Amino acid sequence: MAVPLFDTATPLEPIRGQIREAIERVVDGGRFILGPEVSAFEEEFASACGAEHAVGVANGTDALEIALRGLGVGPGDDVVVPSFTFFASAEAIPPTGARPVFCDVDPDTGCVTAETVRAALTPKTKAVIAVDLFGNPAPIPMIAELGLPVLEDAAQAAGATLDGRPAGSLGSAATFSFFPSKNLGAFGDGGAIVSDDQAVAERARTLRFHGSRDKRSFEEIGRNSRLDELQAAILRVELPLVGSWAEGRRAAADYYLEAGLADLVKPIETVTGAQPAWHLFVVCHERADEIAAGLVDLGIEARGYYRTPVHRQPAMSEWTQGVDLPATDELARTNLALPISPVLTQSQAGEVVAALRAVIDGLA
């Protein structure tokens, strides 16, 4: 059978009617920017994340940049960030005037640790970005013990927990992406900043609206970055299901392991104390690209992620002279994402593992 890498349609089937009603409610109300749906979603999302404040913005990248500025990051500062992540995690740093300083990751979990962050600290380090990679929460409380603000990049981690605490509540602030394929996905772009710090939230609200609090006086150069009403209304319908969707993703991961996946490849390990949301289910193998091609030929979508890690991207060359990140380079070379969704069945997982076994045997 064909198995897609993502199945975003099936989980939405039971709530399509509610989504249509939400869209009609916005259209009938005639408020499309920073109206009641955004306000309600911000309150509900903050509660779901175990935080005091949530600020809706246009996308996850803007959320990172605005959150960094809300934490006081600016010209002359350094921000430690992993390289084994999507480009946006580091891309958001230079527009603040700060310098990205790349750190390595744990080779088993793919996440930053207190040790990998400590190795990259400089006298000018103002903050750390810790990525909940693939929906696997990073050990942020341990990183916070280094004494610096930690911005949790939770773009892939809606529905995950660490030691019982929801992703989004682990650092000084957190950011989310609501890109359609994410665990909590809009029908377009969207993002949010979450924090217990009222000052961070207030500055984020100012920065998302051109640096203005009242639409008349402009205190600083901000952004035009707002979560729109239609997306907020859709996200409000989906939000109560995020927990059960995350449970479905964890069940799918268990199906893979029960089918003997670990006999064939090395799965990314769960961070101690975490209940991952598995936005991506990633394994490692020396011949990952050949395996991916073989699986695609059999109708199973699979692909490597971050093959060129951020510190090796041309746009980052100004800040990466002499950077050596061996675990990052190895994971970038060997990783392979397999199909995952809240509705992946045990039968589908078995089909994927059987296909994987056939492909690997064919490479021998």
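Okay, here's what the table says:
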| quantity | calculated |
| --- | --- |
| Relative contact order, percent, the stretch 10-240 [alpha-carbon distance under 8 Å, six or more residues apart] | 26 percent |
| Rounded if a/c under 1.5, otherwise prolate or oblate - the stretch 127-234, Cα gyration tensor axes | oblate |
| Sorted by Cβ density within 10 Å, fewest first, the residues R287, R216, R69 | R216, R287, R69 |
| Ranked list, fewest to most other Cβ atoms within 10 Å of each Cβ, for K124, K182, K266 | K124, K266, K182 |
| ³J(HN,Hα), Karplus 6.51/-1.76/1.60, whole Hz, each residue of the stretch 52-62, x for Gly, Pro | 7, 9, 9, 10, x, 10, 6, 6, x, 5, 4 |
| Surrounding net charge for D104, when Lys and Arg each add one and Asp and Glu each subtract one, Cβ distance under 15 Å | -3 |
| Distance between the stretch 182-225 and the stretch 240-277 - C-alpha centres, whole angstrom | 33 Å |
| Dipole of the stretch 10-240, positive direction: furthest Cα of P141, F84, L207, with charges on the beta-carbon | L207 |
| Size of electric dipole in the chain: Cβ of Lys, Arg +1 and of Asp, Glu -1, about Cα centre, debye, nearest 20 | 760 debye |
| Shape of the chain, Cα gyration tensor, a/c cut at 1.5 | oblate |
| Net charge over other residues, Cβ less than 12 angstrom from the Cβ of E43 (K, R count +1; D, E count -1) | -3 |
| About the Cα centre, charge dipole magnitude for the stretch 238-364 (Lys/Arg +1, Asp/Glu -1 at Cβ), debye | 120 debye |
| Lys/Arg +1, Asp/Glu -1 at C-beta; the chain dipole; positive extreme among G191, A130, V105 | G191 |
| Shape category assigned to the stretch 225-364 from the gyration tensor of Cα positions, a/c cut at 1.5 | oblate |
| Charge dipole of the chain about the Cα centre (unit charges at C-beta), most positive-ward option of F45, I360, T61 | T61 |
| Residue order, fewest to most beta carbons within 10 Å, for R303, R203 | R303, R203 |
| Between the stretch 158-178 and the stretch 75-128, the Cα center-to-center distance that results, in Å | 18 Å |
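Since every read-out is calculated from the coordinates, none of them should be taken as a lab result. All figures in this text were calculated on a predicted structure; none of them were measured in a lab. For neighbour counting, all protein chains shown are included, and Cβ atoms are generated from backbone atoms with ideal geometry for every residue, glycine included.
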